[in-house]
1. How do 57, 2 line up, fewest other C-beta atoms within 10 Å first?
2. Where is the GNM fluctuation largest for the chain (alpha-carbon springs, 10 angstrom cutoff): 21, 76, 127?
3. Only counting other Cβ atoms within 10 Å, I'd like 49, 26, 113 sorted with the fewest neighbours first.
4. Let me make sure I get this right: for the range 51-122, a, b and c are the square roots of the gyration tensor eigenvalues over alpha carbons, sorted descending. Under 1.5 in a/c it's rounded, otherwise prolate if a/b > b/c, else oblate. Which is it?
5. Given a cut-off of under 8 Å on Cα pairs at least six residues apart, what relative contact order in percent is computed for the range 12-70?
6. Which value in deg cm²/dmol, rounded to the nearest 500, describes the helix-derived mean residue ellipticity at 222 nm for the chain, given -39,500 (n - 2.57) per DSSP H run of n ≥ 4 and division by the residue count?
7. In degrees between 0 and 90, to the nearest 10, how far off the longest principal axis of the chain does helix 2-29 point, with axes built from Cα atoms?
8. Which distance in nm do the two modelled labels at residue 47 and residue 27 give, with both placed 7 Å along the Cα-to-Cβ direction?
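Here, each number is a calculation from the coordinates, and none is a lab measurement. Keep in mind that this is a model prediction, so the values were computed, not measured. We place every Cβ from the backbone using ideal geometry, glycine too, and count neighbours over all the protein chains shown.
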Amino acid sequence: MIFATLKIIHLLALVLGAGASLGNVYLLLAKGPADLPAPGLVAALRQWYRLSAFAAIVTLWVTGLLLAVMRYGWVSGFTFNAKLTFATLLLLLIVWLNFMAPGWARRGGPPGYVPALHVAGAVFLVSAVVFAVIAFA
Ligand code: HEM
């Protein structure tokens, strides 16, 4: 029962993180002739995505570590290690973006390379899911 509850929270955190990651990708795709300038709205959305990504990755790590220890002691093998590598890259990226973002907001917005980091983050997330499913199949 505890294991199932933790796994539900693990997967719900994945849903939360996926929403944030895709939201950031949609923001960078939302350029075009029909695009209306709405800097206040975009800044507010960025903040929601950034904070929910942080909540999601912390929850994934806490519940993931508990799941691994409770059921298996630990999990070995290439696919789980690959999943953990992508989860670590995501954690570093999200913590760094959350650390930098308030300063960028004061100076008028994030630097030009940040959209590429959001794409990298989405790739890390998808890769972590793929390796998670293979690891436990
Ligand atoms: C980006 C971060 C993460 C994502 C996207 C993610 C995704 C997933 C997914 C989709 C599953 C379900 C796999 C399946 O049952 O087929 C899963 C299960 C699991 N995850 Fe994660 N996870 C993440 C981080 C972590 C971390 C950091 C750990 C441990 C250190 C972890 C440990 C586990 C364990 C042990 C299970 C399997 C539980 C079982 O036996 O059913 N996860 N994860």
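1. 2, 57
2. Fluctuation is largest for 76.
3. Fewest to most other Cβ atoms nearby, the residues stand as 113, 26, 49.
4. prolate
5. Relative contact order, the range 12-70: 59 percent.
6. So the calculated ellipticity at 222 nm is -30000 deg cm²/dmol.
7. 20
8. 1.2
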